Amino acid sequence: MSYRATIAKISRQKGLAMLAFLKSELFFRFLGGFAIGAVAMFALQPNNEPPALTSTAIASTATPVGSAAL
């Protein structure tokens, strides 16, 4: 068998292995998980309203004018 024939045979075997993987239940479950995750990310994305349980007050970081540094 020549080198080219050997390479072609190996390539054909790899192609068959890849085709078998793409048709496998493992791949379909893996792909299904991504599909469910994509739908969940789209459905559960936050809207533009501010959260209901958080305060809108902004904390001050400046020191008062008359206070002495400790």
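The values are calculated or read from the model by the stated rules, or taken from the named source; none is laboratory data. Because the structure is predicted, anything quoted here is derived from the model rather than measured. Note: ideal-geometry Cβ built from the backbone for every residue, glycine included; neighbour counts use all protein chains shown.
Taking the criterion of being assigned to a loop (DSSP other than H, G, I, E, B) and modelled with pLDDT of 70 or more, the residues of region 37-52 that qualify are LEU44, GLN45, PRO46, ASN47, ASN48. Among the residues of this structure, THR63 does not count as one that is at pLDDT below 70 and touching a Pro at 6+ places or on another chain (Cβ under 9 Å).
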